[in-house]
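Worksheet: one structure, shown below.
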Amino acid sequence: MRFYLGTHQVCWLGRTDVPLFVSRVRLIQYRYDSLPAARGPWALDSGAFSELAAHGRWTVPPRQYLREVCRWLDRPGNLEWWAPQDWMCEPVMVAKTGLSVREHQIRTLSNYLLLADWCRQFPPVPVLQGWEHEDYLRHAEDYVAAGVDLAALARVGLGSVCRRQNTDTVERLVRDLSARGIRLHGFGFKVEGLARVGDALASADSMAWSLNARKNPPLPGCTHRSCANCLRWALRWREKVLRAADAARNRPVYAALFTEDA
(Lines give C-alpha, C1' and ligand atoms only; values in the text may rest on other atoms or scores of the structure.)
Protein backbone atom coordinates (compact mmCIF):
# COMPACT_ATOMS: atom_id res chain seq x y z
CA MET A 1 0.00 0.00 0.00
CA ARG A 2 1.24 3.48 -0.92
CA PHE A 3 0.66 6.06 1.79
CA TYR A 4 0.45 9.78 0.99
CA LEU A 5 1.30 12.02 3.90
CA GLY A 6 -1.27 14.80 3.97
CA THR A 7 0.16 18.26 4.46
CA HIS A 8 -0.95 21.87 4.53
CA GLN A 9 2.69 22.92 4.16
CA VAL A 10 3.31 23.36 0.42
CA CYS A 11 7.02 23.95 1.06
CA TRP A 12 7.36 20.28 2.06
CA LEU A 13 7.15 19.38 -1.62
CA GLY A 14 10.69 20.65 -1.88
CA ARG A 15 11.89 19.27 1.46
CA THR A 16 11.03 15.56 1.37
CA ASP A 17 10.72 12.79 -1.18
CA VAL A 18 8.00 10.81 0.64
CA PRO A 19 4.64 10.77 -1.19
CA LEU A 20 2.56 13.78 -0.17
CA PHE A 21 -1.13 14.67 -0.44
CA VAL A 22 -1.69 18.39 -1.02
CA SER A 23 -4.93 20.30 -1.36
CA ARG A 24 -5.79 22.77 -4.08
CA VAL A 25 -6.91 25.08 -1.28
CA ARG A 26 -3.27 25.43 -0.20
CA LEU A 27 -1.66 25.47 -3.63
CA ILE A 28 -3.73 28.38 -4.95
CA GLN A 29 -2.30 30.58 -2.20
CA TYR A 30 1.11 30.46 -3.92
CA ARG A 31 2.25 32.23 -7.06
CA TYR A 32 3.31 29.77 -9.73
CA ASP A 33 6.93 30.98 -9.66
CA SER A 34 7.12 30.60 -5.88
CA LEU A 35 6.14 26.93 -5.82
CA PRO A 36 8.99 24.56 -4.91
CA ALA A 37 10.03 21.82 -7.31
CA ALA A 38 8.67 18.56 -5.91
CA ARG A 39 11.39 16.16 -4.76
CA GLY A 40 9.02 13.20 -4.62
CA PRO A 41 5.63 12.10 -5.92
CA TRP A 42 2.49 13.79 -4.71
CA ALA A 43 -1.27 13.67 -5.26
CA LEU A 44 -3.71 16.55 -5.57
CA ASP A 45 -6.81 16.84 -3.40
CA SER A 46 -9.42 19.00 -5.13
CA GLY A 47 -10.45 20.60 -1.83
CA ALA A 48 -13.99 19.31 -2.26
CA PHE A 49 -14.81 19.17 1.44
CA SER A 50 -13.73 22.78 2.01
CA GLU A 51 -15.60 23.96 -1.08
CA LEU A 52 -18.91 22.32 -0.23
CA ALA A 53 -18.66 23.09 3.48
CA ALA A 54 -18.13 26.78 2.76
CA HIS A 55 -20.54 27.27 -0.13
CA GLY A 56 -22.86 24.26 -0.33
CA ARG A 57 -21.78 23.88 -3.95
CA TRP A 58 -18.76 24.03 -6.22
CA THR A 59 -17.82 27.63 -7.10
CA VAL A 60 -14.71 26.64 -9.09
CA PRO A 61 -15.55 26.01 -12.78
CA PRO A 62 -14.15 22.72 -14.12
CA ARG A 63 -12.16 24.58 -16.82
CA GLN A 64 -10.45 26.68 -14.17
CA TYR A 65 -9.61 23.63 -12.08
CA LEU A 66 -8.15 21.83 -15.09
CA ARG A 67 -6.00 24.86 -15.97
CA GLU A 68 -4.63 24.81 -12.43
CA VAL A 69 -3.86 21.10 -12.66
CA CYS A 70 -2.01 21.64 -15.93
CA ARG A 71 0.15 24.35 -14.36
CA TRP A 72 0.98 22.14 -11.37
CA LEU A 73 2.03 19.34 -13.71
CA ASP A 74 4.92 21.59 -14.69
CA ARG A 75 5.56 23.11 -11.28
CA PRO A 76 5.82 21.66 -8.64
CA GLY A 77 5.94 18.71 -11.07
CA ASN A 78 5.98 15.03 -10.09
CA LEU A 79 2.17 15.01 -9.78
CA GLU A 80 1.23 11.34 -9.59
CA TRP A 81 -2.57 11.66 -9.71
CA TRP A 82 -5.34 14.13 -9.06
CA ALA A 83 -8.88 14.00 -7.70
CA PRO A 84 -11.96 15.31 -9.52
CA GLN A 85 -14.39 17.84 -8.11
CA ASP A 86 -16.46 15.25 -6.27
CA TRP A 87 -19.42 15.65 -3.91
CA MET A 88 -19.16 14.04 -0.47
CA CYS A 89 -22.18 12.21 0.94
CA GLU A 90 -21.89 12.55 4.71
CA PRO A 91 -25.31 13.50 6.16
CA VAL A 92 -23.97 16.89 7.27
CA MET A 93 -22.78 17.60 3.72
CA VAL A 94 -26.03 16.48 2.11
CA ALA A 95 -27.86 18.78 4.51
CA LYS A 96 -25.51 21.61 3.57
CA THR A 97 -26.14 21.28 -0.18
CA GLY A 98 -29.83 20.47 0.11
CA LEU A 99 -29.39 17.69 -2.43
CA SER A 100 -29.72 13.91 -2.15
CA VAL A 101 -26.97 11.30 -1.93
CA ARG A 102 -28.03 10.16 -5.39
CA GLU A 103 -27.61 13.66 -6.81
CA HIS A 104 -24.16 13.92 -5.23
CA GLN A 105 -23.23 10.65 -6.92
CA ILE A 106 -24.51 11.83 -10.29
CA ARG A 107 -22.59 15.10 -10.04
CA THR A 108 -19.41 13.31 -8.97
CA LEU A 109 -19.58 10.99 -11.97
CA SER A 110 -20.46 13.82 -14.38
CA ASN A 111 -17.49 15.89 -13.26
CA TYR A 112 -15.13 12.94 -13.59
CA LEU A 113 -16.35 12.17 -17.12
CA LEU A 114 -16.03 15.82 -18.14
CA LEU A 115 -12.49 16.25 -16.80
CA ALA A 116 -11.40 12.86 -18.14
CA ASP A 117 -12.66 13.81 -21.59
CA TRP A 118 -10.81 17.14 -21.49
CA CYS A 119 -7.58 15.59 -20.19
CA ARG A 120 -7.39 12.14 -21.78
CA GLN A 121 -3.63 11.72 -21.43
CA PHE A 122 -3.72 12.29 -17.66
CA PRO A 123 -7.31 11.95 -16.42
CA PRO A 124 -8.34 12.36 -12.79
CA VAL A 125 -8.94 9.41 -10.50
CA PRO A 126 -12.63 8.42 -10.30
CA VAL A 127 -14.20 8.60 -6.86
CA LEU A 128 -16.92 6.35 -5.48
CA GLN A 129 -19.30 8.25 -3.25
CA GLY A 130 -22.17 7.16 -1.02
CA TRP A 131 -23.15 6.61 2.58
CA GLU A 132 -24.72 3.17 2.87
CA HIS A 133 -23.03 0.06 1.52
CA GLU A 134 -25.47 -0.26 -1.37
CA ASP A 135 -24.92 3.39 -2.34
CA TYR A 136 -21.31 2.66 -3.25
CA LEU A 137 -22.20 -0.48 -5.19
CA ARG A 138 -24.77 1.47 -7.17
CA HIS A 139 -22.25 4.22 -7.87
CA ALA A 140 -19.76 1.63 -9.12
CA GLU A 141 -22.47 0.39 -11.48
CA ASP A 142 -22.98 3.97 -12.69
CA TYR A 143 -19.34 4.13 -13.73
CA VAL A 144 -19.61 0.82 -15.56
CA ALA A 145 -22.74 2.03 -17.36
CA ALA A 146 -20.79 5.13 -18.43
CA GLY A 147 -18.05 2.94 -19.93
CA VAL A 148 -15.54 3.24 -17.08
CA ASP A 149 -13.89 -0.08 -16.16
CA LEU A 150 -12.96 0.60 -12.54
CA ALA A 151 -11.08 -2.69 -12.16
CA ALA A 152 -8.79 -1.72 -15.03
CA LEU A 153 -7.63 1.48 -13.32
CA ALA A 154 -4.60 1.89 -11.09
CA ARG A 155 -6.61 3.71 -8.44
CA VAL A 156 -10.22 4.54 -7.53
CA GLY A 157 -11.00 6.92 -4.67
CA LEU A 158 -13.32 5.93 -1.84
CA GLY A 159 -15.07 9.01 -0.48
CA SER A 160 -17.11 9.94 2.59
CA VAL A 161 -15.35 7.44 4.85
CA CYS A 162 -12.62 9.37 6.68
CA ARG A 163 -14.64 9.94 9.88
CA ARG A 164 -15.65 6.27 10.09
CA GLN A 165 -12.62 4.63 8.50
CA ASN A 166 -11.99 2.36 11.49
CA THR A 167 -15.51 0.85 11.62
CA ASP A 168 -16.84 -2.57 10.66
CA THR A 169 -19.12 -0.86 8.13
CA VAL A 170 -16.23 0.62 6.17
CA GLU A 171 -14.13 -2.53 6.48
CA ARG A 172 -16.92 -4.57 4.88
CA LEU A 173 -17.21 -1.99 2.12
CA VAL A 174 -13.47 -1.87 1.40
CA ARG A 175 -13.15 -5.64 1.30
CA ASP A 176 -16.24 -6.01 -0.89
CA LEU A 177 -15.00 -3.49 -3.46
CA SER A 178 -11.46 -4.86 -3.32
CA ALA A 179 -12.78 -8.37 -3.98
CA ARG A 180 -14.30 -6.98 -7.19
CA GLY A 181 -10.82 -6.07 -8.38
CA ILE A 182 -11.08 -2.34 -7.62
CA ARG A 183 -7.81 -0.85 -6.37
CA LEU A 184 -8.98 1.67 -3.81
CA HIS A 185 -7.50 4.85 -2.45
CA GLY A 186 -8.80 5.50 1.06
CA PHE A 187 -9.27 9.21 1.68
CA GLY A 188 -8.42 10.10 5.29
CA PHE A 189 -7.46 6.63 6.53
CA LYS A 190 -5.59 6.91 9.81
CA VAL A 191 -3.74 4.35 11.93
CA GLU A 192 -6.83 2.53 13.20
CA GLY A 193 -8.39 2.23 9.76
CA LEU A 194 -5.21 1.06 8.09
CA ALA A 195 -4.67 -1.52 10.82
CA ARG A 196 -8.00 -2.99 9.67
CA VAL A 197 -7.83 -2.71 5.88
CA GLY A 198 -4.36 -1.58 4.86
CA ASP A 199 -3.94 -4.89 3.07
CA ALA A 200 -7.03 -4.23 0.91
CA LEU A 201 -6.14 -0.69 -0.19
CA ALA A 202 -3.90 0.35 -3.06
CA SER A 203 -3.19 3.66 -1.32
CA ALA A 204 -4.40 6.02 1.38
CA ASP A 205 -3.77 9.49 2.75
CA SER A 206 -4.15 11.33 6.03
CA MET A 207 -2.91 14.43 7.80
CA ALA A 208 -4.16 13.40 11.23
CA TRP A 209 -0.56 13.83 12.41
CA SER A 210 -1.16 17.58 12.78
CA LEU A 211 -4.00 17.21 15.29
CA ASN A 212 -2.02 14.50 17.06
CA ALA A 213 0.94 16.86 17.38
CA ARG A 214 -1.26 19.70 18.62
CA LYS A 215 -2.37 17.50 21.52
CA ASN A 216 1.15 16.55 22.57
CA PRO A 217 4.39 18.28 23.63
CA PRO A 218 6.92 19.13 20.89
CA LEU A 219 9.62 16.63 19.99
CA PRO A 220 12.95 16.94 21.79
CA GLY A 221 15.05 19.49 19.96
CA CYS A 222 12.08 21.31 18.43
CA THR A 223 11.89 24.95 19.47
CA HIS A 224 8.32 25.68 18.33
CA ARG A 225 5.45 25.59 20.83
CA SER A 226 3.65 22.84 18.87
CA CYS A 227 4.73 20.31 16.24
CA ALA A 228 1.42 20.77 14.36
CA ASN A 229 3.40 22.12 11.39
CA CYS A 230 6.52 20.01 11.94
CA LEU A 231 7.97 17.75 9.24
CA ARG A 232 9.91 15.72 11.82
CA TRP A 233 6.70 14.90 13.69
CA ALA A 234 4.83 14.11 10.47
CA LEU A 235 7.53 11.73 9.24
CA ARG A 236 7.63 9.91 12.57
CA TRP A 237 3.84 9.60 12.53
CA ARG A 238 4.03 8.30 8.95
CA GLU A 239 6.28 5.45 10.11
CA LYS A 240 3.61 4.48 12.65
CA VAL A 241 1.00 4.47 9.89
CA LEU A 242 3.14 2.26 7.67
CA ARG A 243 3.63 -0.21 10.51
CA ALA A 244 -0.14 -0.34 11.05
CA ALA A 245 -0.75 -1.00 7.37
CA ASP A 246 1.89 -3.73 7.39
CA ALA A 247 0.28 -5.35 10.44
CA ALA A 248 -3.04 -5.52 8.56
CA ARG A 249 -1.55 -8.16 6.28
CA ASN A 250 -1.42 -10.56 9.23
CA ARG A 251 -4.79 -9.65 10.73
CA PRO A 252 -7.46 -12.37 10.34
CA VAL A 253 -10.53 -11.35 8.38
CA TYR A 254 -13.59 -12.84 10.02
CA ALA A 255 -16.50 -14.12 8.00
CA ALA A 256 -18.81 -12.12 10.27
CA LEU A 257 -17.65 -8.98 8.53
CA PHE A 258 -19.51 -10.07 5.45
CA THR A 259 -22.84 -10.91 7.10
CA GLU A 260 -25.78 -8.59 7.26
CA ASP A 261 -25.97 -8.93 11.05
CA ALA A 262 -22.33 -8.01 11.75
> Is it true that Asp33 is at pLDDT below 95 and either farther than 20 Å from Pro123 by Cα or in contact with a strand residue (DSSP E or B) (Cβ under 7 Å, 6 or more places away or on another chain) (or both)?
Replying inline: yes
>> Please go through the stretch 86-141 and give me each residue that is among the β-branched types (Val, Ile, Thr), out of contact with any helix residue (DSSP H, G or I) (no Cβ under 7 Å at 6 or more places or on another chain) and either under 30 Å from Arg71 (Cβ atoms) or at pLDDT below 95 (or both), ordered by number.
In response: Ile106, Thr108, Val125
> Does the stretch 47-58 contain any residue that is under 22 Å from Leu194 (Cα atoms) and outside any helix (DSSP H, G or I)?
Replying inline: no
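Would you check which residues across the stretch 164-185 are charged (D, E, K, R) and more than 15 Å from the chain's Cα centre (by Cα) and list them? Step through it out loud before you land on a result.
So in the stretch 164-185, the residues charged (D, E, K, R) come out as 164, 168, 171-172, 175-176, 180, 183.
Within the stretch 164-185, Asp168, Glu171, Arg172, Arg175, Asp176, Arg180 qualify.
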> Can you name the number of the only condition in (1) surrounded by fewer than 18 Cβ atoms within 10 Å (Cβ to Cβ); (2) more than 25 Å from Trp237 (Cβ to Cβ) that Trp72 fails?
Replying inline: (1)
> Any residue at all in the stretch 60-73 that is of a type in the set (S, T, N, Q) and touching a Lys or Arg at 6+ places or on another chain (Cβ under 9 Å)?
Replying inline: no
> Mind checking which residues of the stretch 74-122 are part of a loop (DSSP other than H, G, I, E, B) and free of Cβ contacts under 8 Å to residues at least 40 places away in the same chain?
Replying inline: Gln85, Leu99, Ser100, Arg120, Gln121
>> Condition first: outside any helix (DSSP H, G or I), surrounded by fewer than 22 Cβ atoms within 10 Å (Cβ to Cβ) and of a type in the set (S, T, N, Q). Now tell me which residues in the stretch 152-188 satisfy that.
In response: Asn166, Thr167
> With respect to Pro19, is the statement that it is touching a residue at least 40 places away in the same chain (Cβ under 8 Å) and either of a type in the set (Lys, Arg) or more than 22 Å from Cys119 (Cβ to Cβ) (or both) true?
Replying inline: no
> Of the residues in the stretch 202-226, how many are touching a residue at least 24 places away in the same chain (Cβ under 8 Å), outside any loop (DSSP other than H, G, I, E, B) and not aromatic (Phe, Trp, Tyr)?
Replying inline: 7
> Of the residues in the stretch 133-151, how many are in contact (Cβ under 8 Å) with a residue 12 or more places away in the chain and either among the basic types (Lys, Arg) or assigned to a loop (DSSP other than H, G, I, E, B) (or both)?
Replying inline: 3
> Out of the stretch 17-28, which residues are more than 15 Å from Arg75 (Cβ to Cβ) and out of contact with any Ser or Thr (no Cβ under 9 Å at 6 or more places or on another chain)?
Replying inline: Asp17, Val18
> Only one of these conditions is not met by Val69: (1) under 24 Å from Ala154 (Cβ atoms); (2) without any contact (Cβ under 8 Å) to a residue 40 or more places away in the chain; (3) among the hydrophobic types (A, V, I, L, M, F, W, C). Which number is it?
Replying inline: (2)
> Would you pick out the residues in the stretch 145-174 that are under 15 Å from Asp205 (Cα atoms) and of a type in the set (S, T, N, Q)?
Replying inline: Ser160, Gln165, Asn166
> Of the conditions (1) closer than 25 Å to Pro41 by Cα; (2) in contact with a Ser or Thr (Cβ under 9 Å, 6 or more places away or on another chain), Cys89 fails just one. Which one is it?
Replying inline: (1)
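The values are calculated or read from the model by the stated rules, or taken from the named source; none is laboratory data. As the structure is a computational prediction, the values presented were derived from the model and not from experiment. Virtual Cβ from ideal backbone geometry, glycine too; neighbours counted across all protein chains shown.
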